[in-house]
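Working notes, structure below.
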Amino acid sequence: MSPYVITSIDQIRAQLFRWAQPQIDAYLRAIVTAAEHSGGGIVADVPRTVHDCPGHEDNLILDLAAEVGALLIVSDDTDLLSMPPCRGTPVIEPAAFAAKVGAMRGHARRRRR
């Protein structure tokens, strides 16, 4: 996660979904905690190395992915989805990601039986 991602989440929840700030703060705490528990966290100074996407904000996401060695990017952004994998990192839609996670969980459950 980066400060840009956190700020974007905050703005989207406030402006698009009209969430109250205490609800947004609780949501952000949960996301940051999940990132920390998964071995990640917040990367404060993300180097600007990617300039492949026409949208400045999209390049910030690609910069973060490059900096942390992300295996994939989950996004519904049409510009990101239309690009070939950036430095080998594919971009997939949230529904596709959820389907993959669901399939992996189902496979793990079947193996335990």
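Taking θ as phi - 60° and the Karplus parameters 6.51, -1.76 and 1.60, the scalar couplings of the stretch 64-81 work out to 5, 4, 5, 5, 9, x, 4, 7, 6, 10, 9, 7, 10, 6, 5, 5, 5, 5 Hz in sequence order, x denoting glycine and proline.
Distance from the C-alpha centroid of the stretch 9-29 to that of the stretch 37-84: 21 Å, rounded to the whole angstrom. Summing +1 for each Lys or Arg and -1 for each Asp or Glu among the other residues whose beta-carbon sits under 14 angstrom from that of TYR27 gives +1. Taking amide H as placed 1.01 Å from N in the peptide plane, VAL43 has its amide H under 5 Å from the amide H of SER2, each at least 5 places away in sequence or on another chain. For a Förster distance of 30 Å, can you work out the FRET efficiency between the beta-carbons of THR78 and ALA108, rounded to the nearest 0.05? So, using R0 = 30 Å, E works out to roughly 0.40.
Here the stretch 40-113 has an Rg and Dmax of 14.8, 49 Å, counting Cα atoms alone.
Give the range of the longest stretch in the chain that excludes all chymotrypsin sites (Phe, Trp or Tyr not before Pro) found in loop regions by DSSP and having at most 16 other beta-carbon atoms within 10 Å. Result, exposed sites excluded: 20-113. Each Lys and Arg adds +1 at its Cβ and each Asp and Glu adds -1 at its Cβ; summed about the Cα centre, the chain shows a dipole of about 1100 debye.
Here, each number is a calculation from the coordinates, and none is a lab measurement. Everything numeric in this text was worked out from a predicted model, so none of it was measured. With ideal geometry, Cβ positions are generated from the backbone for all residues, glycine too; neighbour counts draw on all protein chains shown.
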